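Participant: My structure is below; once you've seen it, I'll send some questions.
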Amino acid sequence: MNMAGFYDESISNGLGWRAVLFVSGCPHHCPGCHNQIAQDYNYGERFNKQEIIDRICKNSILKGITISGGEPLCKENIPEVLDFIKEVKKVRPNFNVWCYTGYTLEQLEERNDEVTNETLHNIDVLVDGRFVEEKKNPTLKFKGSENQRILDVHKCMAEHKIVQVSL
Ligand code: SF4
C-alpha cells in the first residue's frame, strides 16, 4: 500500500486531536473528488507502518487516528489498513478510530468477509458514502456532501440500524 500523506496532528478530520493517514488508491472516481491525485494506487510513498507508529507514539496530545484517502477499505488496501489499526491499538489502546470510505456501511456489511468484518469491528466512527458533487455542502462538519453519514459503527452493528454520531 502507498501512503498519500500523513498529518501528525489535526482537528479537522474527526473529533479531537487526531493523527491522519491518507492512503493511496481509490476505485470510486467521484466527480469533484477533493483528493484526485490520491486515486492513483502508485501515488505517494510506500507506507512504512513502523515509522508512522513511532510518530504517533511521540505525540501525547492525540486522542485518536483517522484513516482517509484514497479509499482505505478497497480490497487492495484493507488488509494493510486493518493491520495498521491493530498495531495502533496495541500502542494506544484508548485511541478512537475514524475511517473515511466511499462505500456505504451496508455495502461493507454485504461483503461479509473476514477482513472487512474485523476492520469494521476495529473502527469507531465510519464516514461513509461517495462524494456527490450535486450534494456538496461546505458547511457540513467532517464530511463533504449531504449523502455521507458519520456513523457510530458499534451501535449500528449492535442495534442493527443506522446510528449517526451527534456532533
Ligand atoms: S471516495 Fe473519496 S478519494 Fe475516492 S474518488 Fe470519491 S472523493 Fe475521491
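No lab work stands behind these numbers, since they all come straight from the coordinates. Please read all numbers here as calculations on a predicted model, not as lab measurements. Reconstructed Cβ throughout: ideal geometry from the backbone, glycine too, with neighbour counts over all protein chains shown.
Participant: Please give, to one decimal in nm, the separation of the simple spin-label points placed at residue 80 and residue 107, each 7 Å out from Cα toward the Cβ.
Facilitator: With each label placed 7 Å out from Cα toward Cβ, I get 2.1 nm.
Participant: Taking the range 2-159 on its own, what percent of its Cα-Cα pair distances exceed 23 Å?
Facilitator: Values: 4017 of 12403 pairs.
Summing the P(r) of the range 2-159 above 23 Å gives 32 percent of all pairs.
Participant: Counting Lys and Arg as +1 and Asp and Glu as -1, what is the net charge of the other residues whose Cβ lies under 12 Å from the Cβ of residue 106?
Facilitator: Numbers: positive: 111, 149, 161; negative: 109, 110, 128.
Overall, the nearby charge balance is 0.
Participant: Let me ask something else about it. Lysines within cross-link reach of residue 90: Cα-Cα under 29 Å, excluding same-chain residues under 8 positions apart?
Facilitator: Partners within reach: 49, 58, 63, 75, 143, 155.
Participant: Positive end of the dipole of the range 27-114, charges at C-beta (+1 Lys, Arg; -1 Asp, Glu), about the Cα centre: which of 91, 68, 35 has its Cα farthest in that direction?
Facilitator: Result: 91.
Participant: Fewest to most neighbouring Cβ within 10 Å: what's the order for 121, 160? Before the final figure, lay out the partial values.
Facilitator: Values: 121 12, 160 9.
Ranking 121, 160 by Cβ neighbours within 10 Å, fewest first, gives 160, 121.
Participant: Further question on the same structure: Test of understanding: extend the Cα→C-beta vector of residue 91 to 7 Å, then name every residue of the range 15-35 with backbone N under 14 Å from that spot.
Facilitator: In the range 15-35, the label zone of residue 91 (backbone N under 14 Å from the point 7 Å along Cα→Cβ) covers 19-21.
Participant: To the nearest 20 debye, what charge dipole does the range 13-167 have about its Cα centre, counting +1 at the Cβ of each Lys and Arg and -1 at the Cβ of each Asp and Glu? Write down the numbers at each step before the final one.
Facilitator: On the way: 20 positive and 22 negative charges, 139 e Å.
That gives a dipole near 660 debye.
Participant: Just to confirm a number: summing +1 for Lys and Arg and -1 for Asp and Glu over residues other than residue 1 whose beta-carbon lies under 9 angstrom from that of residue 1, what do you get?
Facilitator: Values: positive: 46; negative: 76, 80.
Within the 9 Å Cβ shell, the charges total -1.
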